[in-house]
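Colleague: Handing you this structure, nothing more for now.
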Amino acid sequence: MAAKTLTIDGTLVSAREGESILEAAREAGITIPTLCHLDGLSEVGACRLCLVELTGSRRLQPACLTPVAEGMEVRTSTERLREHRRAIVELLFAERGHVCAVCVASGACELQDLAARLGVTHVRYDYLAPACTVDISHPRFGIDHHRCVLCTRCVRACDEVEGVHTWDVAGRGTAARVITDLHVPWGQATSCTSCGKCLHACPTGAIFQRGSSVAELKRDPGVIALVVAARKERW
Amino acid sequence: MVSPSAAAPAQRDRGAPPADNRLKIVEATMKRHQYRPDALIEVLHKAQELYGHLSPELLALVARRLHLPPSRVYGVATFYHFFSLAPQGEHTCTVCLGTACYVKGAATLLAALEAASGLRAGTTSADGRLSLLTARCLGACGIAPAVVLDGTVVGHAAVEPLVERLRALLNPAGA
């Protein structure tokens, strides 16, 4: 495979052909914030947090879905991008009811980490504060839709890694919700194997282990990549 | 002698027809598409056309036949406004709230219809007589504001004639 040389934030970076800007940046030690990306899963480019500037293009491009090209000049952290990212995180907070103080994932939450890293001190937008449901019909896991950011990592982990596709997104706009099977309570979803991959894939406290209270949750998102890598080695 | 035989078919028409072939038509539609998963929307379209709504049983059947996860089928059925998961009323009134219709006063129209019918947009009356629905652009922006009454498109809809038509539809005898 041909090597591509590009510039990311002023440093020359060498990347393999077909690699995404995100992968190339990570190998070069440059952090680009992400939310819907999870190692081992396919990319959807939904969260728009990894948007980067490319010289010669007025449009911002998602780093996770844009393949590297020879001579590409990428900027990952301009003021314009930082402002966009702050706005995205604020909108995510405004869309549901995120209350870190009572959340199982507080301290182990990617949304919380993003807000802290991007310097989100307050939310400029009115909170929608929709009335969401909490489903604890499953014996081992629960889902609190107040905390869901619709990144679809659970949907992809369930479909691509477990191969079951219990989860999907129903509805659209602000009414969109992740659902199990035909929108039945999770505990009644017959396709669910209770493998817990969605639990590890979830970036917030939306999917949680039953019995875990505030700040008890231990998540290991690396499990997804590990399973994918292990399968590659075997076959 | 005449009255019992005449009453029997009427009785059957009112309830769910027992020997109906709608399921067979849905099955035939899936077969025609060789049970390919990507024929989902066409199949749901046909099912919606035949039944007027998509019941959980029907969605489960389609998912099984097309080898699709039930959650995917449910996701598609709830994504498109054309599909309805709850039975619709005998009569439907769909107000277009697309940009052109909105500019031409579709919101006022909808508010007037809500007041006249006592229904909230997107709901069906308790007696199952009328569903008041909304749509985002019917593609008929030239005749905005557009309303669809029982499948008939009404262009340049004005509040009073529309409310009158709705009344006439619900009370054909003029009672």
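The values are calculated or read from the model by the stated rules, or taken from the named source; none is laboratory data. Being a predicted model, the structure only gives us computed values, none of them experimental. Ideal geometry is used to build each Cβ from the backbone, glycine not excepted, and the neighbour counts take in all protein chains shown.
Colleague: Return the residues of segment A:2-24 that are in a strand (DSSP E or B) and either crowded, with 16+ Cβ neighbours inside 10 Å or charged (D, E, K, R) (or both); say none if nothing qualifies.
Modeller: A:4, A:6, A:8, A:13, A:15, A:16, A:20
Colleague: Would you pick out the residues in segment B:66-90 that are away from chain A (no Cβ under 14 Å) and surrounded by fewer than 18 Cβ atoms within 10 Å (Cβ to Cβ)?
Modeller: B:87, B:88, B:90
Colleague: Quick check, is residue B:33 touching a helix residue (DSSP H, G or I) at 6+ places or on another chain (Cβ under 9 Å), outside the structural domain of residue B:157 (by TED's automatic domain parsing) and surrounded by 13 or more Cβ atoms within 10 Å (Cβ to Cβ)?
Modeller: yes
Colleague: Are any residues in segment A:185-197 surrounded by fewer than 20 Cβ atoms within 10 Å (Cβ to Cβ), within 14 Å of another protein chain (Cβ to nearest Cβ) and either in a helix (DSSP H, G or I) or of a type in the set (A, V, I, L, M) (or both), and if so, which ones?
Modeller: A:188
Colleague: Going by what's in this entry, would residue A:222 be described as surrounded by fewer than 18 Cβ atoms within 10 Å (Cβ to Cβ), on the phi > 0 side of the Ramachandran plot and either more than 14 Å from chain B (Cβ to nearest Cβ) or in contact with a strand residue (DSSP E or B) (Cβ under 9 Å, 6 or more places away or on another chain) (or both)?
Modeller: no
Colleague: Considering only residues that are facing chain B (nearest Cβ under 9 Å) and part of a loop (DSSP other than H, G, I, E, B), look in segment A:157-175 and name the one that is modelled with the lowest pLDDT.
Modeller: It comes out as A:172.
Colleague: Among (1) in a helix (DSSP H, G or I); (2) without any contact (Cβ under 8 Å) to a residue 60 or more places away in the chain; (3) away from every other protein chain (no Cβ under 13 Å), which single condition is residue A:211 missing?
Modeller: (1)
Colleague: Tell me the residue from A:228, A:149 that is over 15 Å from residue A:42 (Cβ atoms) and of a type outside the set (Asp, Glu), please.
Modeller: After ruling out the rest, the residue left standing is A:149.
Colleague: Another question, then. From the list A:231, A:177, which one is among the basic types (Lys, Arg) and either within 19 Å of residue A:98 (Cβ to Cβ) or in contact (Cβ under 8 Å) with a residue 40 or more places away in the chain (or both)?
Modeller: Result of the check over A:231, A:177: A:177.
Colleague: May I ask you to say which residue of B:128, B:75, B:142 is of a type outside the set (D, E, K, R) and outside any helix (DSSP H, G or I)?
Modeller: After ruling out the rest, the residue left standing is B:128.
Colleague: Residue A:147 - would you say it is away from chain B (no Cβ under 14 Å) and either in contact with a helix residue (DSSP H, G or I) (Cβ under 9 Å, 6 or more places away or on another chain) or at pLDDT below 95 (or both)?
Modeller: yes
Colleague: Quick check on residue A:90: is it without any contact (Cβ under 8 Å) to a residue 24 or more places away in the chain, assigned to a helix (DSSP H, G or I) and not assigned by TED's automatic domain parsing to the domain that holds residue A:151?
Modeller: no
Colleague: Can you name the number of the only condition in (1) free of Cβ contacts under 8 Å to residues at least 12 places away in the same chain; (2) in contact with a strand residue (DSSP E or B) (Cβ under 9 Å, 6 or more places away or on another chain) that residue A:145 fails?
Modeller: (1)
Residue-wise test of (1) surrounded by 15 or more Cβ atoms within 10 Å (Cβ to Cβ); (2) at pLDDT below 95; (3) within 18 Å of residue A:113 (Cβ to Cβ).
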position	(1), (2), (3)
A:61	yes, no, no
A:66	yes, no, no
A:76	yes, no, yes
A:83	no, no, no
A:87	yes, no, yes
A:101	no, yes, yes
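Colleague: Another one. Taking residue A:28 and the conditions (1) surrounded by 18 or more Cβ atoms within 10 Å (Cβ to Cβ); (2) more than 20 Å from residue A:228 (Cβ to Cβ); (3) not polar (S, T, N, Q), which numbered condition does it fall short on, given that it satisfies the others?
Modeller: Tallying (1) surrounded by 18 or more Cβ atoms within 10 Å (Cβ to Cβ); (2) more than 20 Å from residue A:228 (Cβ to Cβ); (3) not polar (S, T, N, Q), residue A:28 fails exactly one: (1).
Colleague: Could you go through segment A:114-133 and let me know if any residue there is at pLDDT 95 or above, within 12 Å of another protein chain (Cβ to nearest Cβ) and touching a helix residue (DSSP H, G or I) at 6+ places or on another chain (Cβ under 6 Å).
Modeller: Looking through segment A:114-133, none of the residues is at pLDDT 95 or above, within 12 Å of another protein chain (Cβ to nearest Cβ) and touching a helix residue (DSSP H, G or I) at 6+ places or on another chain (Cβ under 6 Å).
Colleague: Quick check on this structure: which one of A:180, A:204, A:190 is among the hydroxyl-bearing types (Ser, Thr, Tyr) and within 26 Å of residue A:33 (Cα to Cα)?
Modeller: Unique residue meeting the criteria: A:204.
Colleague: In segment A:42-59, which residues are buried (at least 22 other Cβ atoms within 10 Å of the Cβ) and under 28 Å from residue A:165 (Cα atoms)?
Modeller: Of everything in segment A:42-59, those that are buried (at least 22 other Cβ atoms within 10 Å of the Cβ) and under 28 Å from residue A:165 (Cα atoms) turn out to be A:47, A:49, A:50.
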